[in-house]
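Take a look at the structure below.
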Amino acid sequence: MTGQTRKSIKEEEEGKRRSEKQRIERAERAERRDVLRRNVRAERRARPCGCGGTSSADDYKDVISSLPDCLLIHILSFLPTRASVATSILSSRWRSLWKLVPVLDLDQRLLFTQSDTDYPGPTRTNSNFSFLDAVSNIWALRNAIPLPLPLRKLLLHWTSNCDTFLVSTWVQHTLLHGCLQELNLYILNGSNPPLEMPTTLFFTSTLVSLRLTGAILLNPPPASASASTFPSLRTLTLGNVRYAKHDSISTLLATCPVLQDFSLSVDSYNFRGLGKSAGKVNVIVLVPTLKTLYIQWPADDCWLYKLQINTPALERFHFLDGLGEYVVLENLPNLVETIIELEDNDSNTVDYTNKIWDFMDSLYNVVSMKFNLQRAKILCYGPMDGLPMFNNLTSLTFDGNIWPSYYMWPAVHLLLCQAPKLQTLGFELTFLGDHAWSPDHHLEKTHYVPDCLSSHLTTCYYKGFSGHEVEMELVRQVLKEAYVLKTMNITFASRLDSEIKLHACKKLRKLQRRYPTCQIEFDKGQFNF
């Protein structure tokens, strides 16, 4: 073998060794990259959303794509239908998912944006496409799939050119499947006939929440029909709907054995067509499970109704506007919170004042009360003997408007005298008028300090303070008479400029106080006396 041949063989072997070494190095580098990728992916999966670091669309794609359809459908059920349908453009997998969602939330205000239409006129994106077209298409596409899931929740807000016949058809179709748990209809149709709820509604055993507002006619069958009942209904809202009979409300309530939340807003036109022969409208709230009650009845129409409330489990009661001739409140041992906003009645001030006190006498057990300050002035017109006491009341708030023409302390003082254990006093008021105006009468001196001011009241706050004398007088009287007051919190009205705020702060600093260590807090800052 020549020297040249041996050299060639040696170079060939050397080349093979180099190639093998490079192959091993490449394999090691590839293995390290794979390990690094796996670690990064594991870290991204374990990292909670929003906890820092950067993320890409691929990260979220991996997470979303790993979810089963049933979970994605559940997530979509919390979105308005417009947003749910919009997900169909994401991929072929999402194209039909929205059709499987057991919820339809169709709101005329949301289905088309302001750029689509000049709402509240006829809702159209162009001359050939309306809200009616959109809802009909959504309804048809959803029902076109094989074995569509029955609706569990139907929400429809239609206030322009509403087709009540179609709505009635959709509601009946949904009720026939027997799975509907929540029905929420808000219908306005101008001078056209109202939407009459189908009879099948009153034989629905699965409903948990029923909210009806607007041009809807209720004609429940007699309560004696044992099959006509809502055994699962817990929330009922009737907002200015129309009634076929004078006792329709009572009849409906009698079919709700487990009702917990009832809200009623009415007006005289809701009973249009009943005629005088129908007599007064009976509102009998005899529901042993009811916990929250809201009633709004305009003062001009309060002569129209007779109200009887017997709800032993009631905890929160909100009564707004007019107090009728026949109002009976009884058996309210668990009432904790009440809001009273009564309209004035100038026909007979003394009688109306006595009627208010009789009404409030049944609320003796409340712990928290909110009272309209302007209406509280009415309470001063009647006799001061034999007034109800609120021995459990620890929080009292006055809301509404305050005017520069008269002082409101006498009305506040009167209610404080009836709450001997009050601990928190609040004012949530809006000043109406010119700061240059002055009260048209002098404030009469009160000779009796309420028990709560001498022994229990520790906190007082005023929201919406603007510095006028009638407002200053409320703060002055509390500071002067409250023996154990620790904090007076003042929140200025948002429209107030800084100069007026500074002037008001200076005046408040000079006010006499009964409790030496009482602090006045202005908005978020503190000023110590």
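The values are calculated or read from the model by the stated rules, or taken from the named source; none is laboratory data. The model shown is predicted, which means the values in this text are computed figures rather than measured ones. Neighbour counts run over all protein chains shown; Cβ positions are idealised from the backbone, glycine included. All accessible areas refer to the heavy atoms of the entire protein, side chains included, with ligands and DNA or RNA removed. Shrake-Rupley method; radii C 1.70, N 1.55, O 1.52, S 1.80 Å.
Among the conditions (1) β-branched (Val, Ile, Thr); (2) open to solvent by less than 60 Å² (accessible area, probe 1.4 Å); (3) under 26 Å from residue 437 (Cβ atoms), the only one that residue 487 does not satisfy is (3). Within the stretch 383-425, the set of residues being open to solvent by 40 Å² or more (accessible area, probe 1.4 Å), farther than 16 Å from residue 357 by Cβ and of a type in the set (A, V, I, L, M, F, W, C) comprises 403 only.
Go through the stretch 61-109 and give me each residue that's assigned to a helix (DSSP H, G or I), within 24 Å of the chain's Cα centre (by Cα) and either surrounded by fewer than 16 Cβ atoms within 10 Å (Cβ to Cβ) or of a type in the set (Lys, Arg) (or both). Hits for the stretch 61-109 are 74, 75, 82, 83, 109.
Being within 19 Å of residue 257 (Cα to Cα) and not small (Gly, Ala, Ser) holds for only one residue in 188, 217, 210, and it is 210. Scanning the stretch 398-434 for residues that are of a type in the set (A, V, I, L, M), part of a loop (DSSP other than H, G, I, E, B) and in contact with a helix residue (DSSP H, G or I) (Cβ under 7 Å, 6 or more places away or on another chain) yields 408, 419, 422. Under the condition of being open to solvent by 40 Å² or more (accessible area, probe 1.4 Å) and not in a helix (DSSP H, G or I), which residue from the stretch 185-205 is modelled with the highest pLDDT? Taking the candidates together, the pick is 186.
Across the stretch 155-164, the number of residues qualifying as at pLDDT 90 or above and out of contact with any helix residue (DSSP H, G or I) (no Cβ under 7 Å at 6 or more places or on another chain) comes to 1.
Under the condition of being open to solvent by 40 Å² or more (accessible area, probe 1.4 Å) and closer than 15 Å to residue 384 by Cβ, which residue from the stretch 340-357 is modelled with the lowest pLDDT? Here the answer is 349. The single condition among (1) closer than 26 Å to residue 294 by Cβ; (2) hydroxyl-bearing (Ser, Thr, Tyr); (3) out of contact with any Ser or Thr (no Cβ under 9 Å at 6 or more places or on another chain) that residue 209 does not meet is (3).
Scanning the stretch 485-511 for residues that are at pLDDT 85 or above, more than 29 Å from the chain's Cα centre (by Cα) and assigned to a loop (DSSP other than H, G, I, E, B) turns up 485, 486, 510, 511. The lone criterion from (1) closer than 27 Å to residue 262 by Cβ; (2) among the charged types (D, E, K, R); (3) surrounded by fewer than 16 Cβ atoms within 10 Å (Cβ to Cβ) left unmet by residue 316 is number (3). Checking each residue in the stretch 129-154 for being at pLDDT below 85 and either crowded, with 19+ Cβ neighbours inside 10 Å or not in a helix (DSSP H, G or I) (or both) picks out 129, 130, 131, 145, 146, 147, 148, 149.
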